[in-house]
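The values are calculated or read from the model by the stated rules, or taken from the named source; none is laboratory data. Computed from a prediction, not measured in an experiment: that's the story for all the values here. Because the Cβ atoms are built from the backbone with ideal geometry, glycine has one as well, and the counts that use them run over all protein chains shown.
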Amino acid sequence: MKIIGSISGQNLADATEVHSTYAPKRVESWFRLGSNLQSLPAEKALIFPAPPHGRVTSLGDRLFPHWHSLLVCGGNQPDTSTTISWHRDHGHFHGLSLMLNLGEAIYKEQPRNSNLVMEARLTDGLIVLIDTKLLHSAEQLSTTRYNFTFRKIKQQYLPKITAEIAA
């Protein structure tokens, strides 16, 4: 994980809530390009939700140019949480992603071929680059937390995206 900046402000997106089967108390929404993160083969996992609000698109373009997908997790309901156990993200995304954290959490990752666990406290407004192909997890600390994760899709899946958008 690499810290690259911070941001402050109010909630940045209106999200349709979908409860994840992978992290049952996590509420998530996809923008621009989404994914059923558990589907195989990878190309069947792609979904095409509504485009994000202009402010969110502009933010993504400034922070992570040429991004394809945004996953927003979080909320302030008592039964929601951004806590997620150890996992690696889906193969159709590049490993390098950018996460904007609103609220507080403990982020953990385990480098390849290592038993070491790296741990970082994510504070409100922190912007970090993460490798989602490493084994990683997050534990929500604050009552309300949102995380915005901007991603890029691998080159081999771009033709499918272009075909779907054109249809």
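At a glance:
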{"read-out": "Tally of residues being acidic (Asp, Glu) and surrounded by fewer than 13 Cβ atoms within 10 Å (Cβ to Cβ) across region 51-90", "value": "2"}
{"read-out": "Residue, modelled with the lowest pLDDT, within region 34-51, restricted to residues that are of a type in the set (Gly, Ala, Ser) and part of a loop (DSSP other than H, G, I, E, B)", "value": "SER39"}
{"read-out": "Test: residue in region 105-117 that is within 20 Å of SER29 (Cβ to Cβ), modelled with pLDDT of 90 or more and touching a strand residue (DSSP E or B) at 6+ places or on another chain (Cβ under 8 Å)", "value": "yes"}
{"read-out": "Odd one out for ARG151 among (1) crowded, with 20+ Cβ neighbours inside 10 Å; (2) farther than 27 Å from ARG62 by Cα; (3) among the charged types (D, E, K, R)", "value": "(2)"}
